[in-house]
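Only one structure is covered here, and it is reproduced in the block below.
Bear in mind these aren't lab numbers, they're just calculated from the coordinates by the rules spelled out. As the structure is a prediction and not an experimental result, all values here were calculated from the model. So basically every Cβ, Gly included, is an ideal-geometry build from the backbone, and we count neighbours across all protein chains shown.
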């Protein structure tokens, strides 16, 4: 303790106190405050940057999920549209075929009836022609037959002779 | 320009370091009588005792030529506030005298220097006399504002800290990541903030960090400079460590809150009869033991380190008869080298402990009671 007190110099104590307090104030003003502020700012900046990067990543992920969903929807829609188109096509072909078939059968039946009526007309005309021709022939034959009196008389006589036999 | 100045400082440190043991050892190579090189145990003891004390001039080393001792060093200004007001002169006026024989007359006052203390002689006296309690009988002690070796060291380190950390602060204005020497300093600043201030003080760490940083770098750099052969022993001065400890005491007393004092004076959770006793113990701890421990720990560690290093170096002188010059020099070099390496660690450790304990005491004073 004696040694300690002997080593203690009040002058130096006062000088150290004054100088050190001055040093603290100078260092705080010109060094520590700006350094700590800048370090804080920098660390907060880094933290913010990391946070926003994380957010951006999440957003990206969301976006990607959205994209995927949209793509899926689009694919489903395309599929649906293609299916519809295919159905429509088939139906149209079907309809066209049906229509064509109906048209054809209608045409065929029309043709049939036309043919029938033509045929009937032709037959009728033919009949009339034949009748006329027959009548003409008969007339000519009869005229010719009747012009020969002897022959007539002979015929009548033969007929009469047959009638008597009956 | 600035960079080259820093380089010169760095190189001079390195050079000085490498020549450390030789500067002292060269003292021992001639056998001699009184006034010759320091080579007896008593002289070495005195030399060491003298070294760890503050002094008024900056003494680097001595050398001998033609039997005459030449002291190499430079004088420092002596500033005294005595009976006749302020006086200033260079310490070379005392001609290296430390026994009170050389009288310096300035503005009507007469000063002598005895064992590192300057006295102002009364009229008629021409040397200082002491009574048995070592009080001067025919002289008074003026207040000594001198730039002593320690004050020179404090000013130098203060200047260097302003230069380095002020430079670092300036760098942040232009860029967010420092370059050059600032890149070395920045992790240290972050270390003190994150490892010492934050964990020990808690959320209110910000307003105390400035003090903790100053005290940490001040002690650390001065400890390291003390290991250089320039012969600083600033952190081994009781007055310096006392000032540091008292500043810590004042800071934690002035920042203490109600919760702290309620625990100091009327400790909750213990029987009422014990509370006054605990209050006495707690008060003694807060007001005396903590700052006293801070003061003595730093002083004793650094002073002991200096004494051990110098004692090991003096092996080279004292053991020459037993071990030959080569053997004793080798032994002292090897031992001194190892102990110096340990001292480099101690330099950091003591700065860390002082700062950490200061932070811890401040943390105890500002702690809020919610989580109890």
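Put the Cα centre of the stretch B:193-226 next to the Cα centre of the stretch B:281-356 and the gap is 23 Å. Taking all Cα pairs closer than 8 Å and separated by 6 or more residues, the relative contact order of the stretch B:77-146 comes to 31 percent. For residue A:56 and residue A:8, what is the calculated FRET efficiency with R₀ set at 51 Å and r taken between the beta-carbons, to the nearest 0.05? Calculated transfer efficiency: 0.20.
Report the calculated FRET efficiency for residue B:353 and residue B:175 (r = Cβ-Cβ distance, R0 = 25 Å), to the nearest 0.05. That gives a FRET efficiency of 0.15. Applying 1/(1 + (r/R0)^6) with r as the Cβ-Cβ distance of residue A:138 and residue A:162 and R0 = 22 angstrom yields a FRET efficiency of 0.45. A simple spin-label model places the labels of residue A:64 and residue B:129 9.8 nm from each other, with each point 7 Å out along Cα-to-Cβ.
Computed across the stretch B:220-325, the Kirkwood hydrodynamic radius from all distinct Cα-Cα pairs reaches 17.0 Å.
With a simple spin-label model that places each label point 7 Å from the Cα along the Cα-to-Cβ direction, the separation between residue A:44 and residue B:72 comes to 5.5 nm. The calculated pair-distance distribution of the protein assembly as shown uses every alpha carbon pair, bins of 20 angstrom beginning at 0, and gives 15, 32, 19, 6, 5, 5, 4, 4, 5, 4, 2, 0 percent. Most tightly packed first, judged by the mean number of other beta-carbon atoms within 10 Å of their residues, the peptides B:235-247, B:296-308, B:98-110 read B:235-247, B:296-308, B:98-110. Normalised by residue count, chain A yields a Cα convex hull volume of 215 Å³ per residue.
Estimated translational diffusion coefficient (Stokes-Einstein, Kirkwood radius over Cα pairs, 10 °C, 1.306 mPa s) of chain B: 67 µm² per second. Legend: translational diffusion of the stretch B:77-146 by Stokes-Einstein, Rh = Kirkwood radius over C-alpha pairs, 10 °C, 1.306 mPa s; D = 133 µm²/s.
The label point for residue A:18 and the one for residue B:96, both projected 7 Å from the Cα toward the Cβ, are 3.1 nm apart. Averaging Cα coordinates gives a centre for the stretch B:145-178 and one for the stretch A:14-69; these two points are 24 Å apart.
At full extension, residue B:40 and residue B:198 could sit 51.7 nm farther apart than now, given 0.36 nm per residue minus the alpha carbon distance. What's log10 of I(q)/I(0) for the stretch B:150-366 at q = 0.11, 0.13, 0.16 Å⁻¹, Debye sum over Cα points only, no solvent? Those come out to -0.67, -0.85, -1.09, one per q.
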